[in-house]
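As structure tokens, the structure follows; a few thoughts come after it.
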Amino acid sequence: MAMYEIAVKFDEGERALIQGRADAAGMSFSEFVRRAALEKAEDMADIEAYNEALDGDGGTRYPMEEVVRMAVEAE
């Protein structure tokens, strides 16, 4: 897999905050930022998929108590 190098600019306060969190996690600055960016992108994709599912489900909703009751009855 090809790897690409990019430049991202942070002010000193941002850099110090990120470096402190990276140190606490036992990661390099680069690995911490890389993982954070990937996690954010995955979260956004999950939210998009969730919203698409909501748009296509017909609007039916059940309270949790009803879901549990239906699950018990199905066993």
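The values are calculated or read from the model by the stated rules, or taken from the named source; none is laboratory data. Since this is a predicted model, take the numbers as computed values, not measurements. Quick reminder, even Gly has a Cβ in these numbers, built from the backbone with ideal geometry, and neighbours come from all protein chains shown.
For this structure, a couple of remarks:
- Selection status of Val72, in a loop (DSSP other than H, G, I, E, B), surrounded by fewer than 10 Cβ atoms within 10 Å (Cβ to Cβ) and modelled with pLDDT of 95 or more: no
- Hey, Glu31 surrounded by 10 or more Cβ atoms within 10 Å (Cβ to Cβ) and closer than 30 Å to Val8 by Cβ or not: yes
- Residues (surrounded by fewer than 10 Cβ atoms within 10 Å (Cβ to Cβ) and either within 15 Å of the chain's Cα centre (by Cα) or in a helix (DSSP H, G or I) (or both)) located in segment 55-66: Asp55, Met64, Glu65
- Residues satisfying the stated conditions in segment 1-28, i.e. surrounded by 10 or more Cβ atoms within 10 Å (Cβ to Cβ) and part of a helix (DSSP H, G or I): Glu14, Arg15, Ala16, Leu17, Ile18, Gln19, Gly20, Arg21, Ala22, Asp23, Ala25
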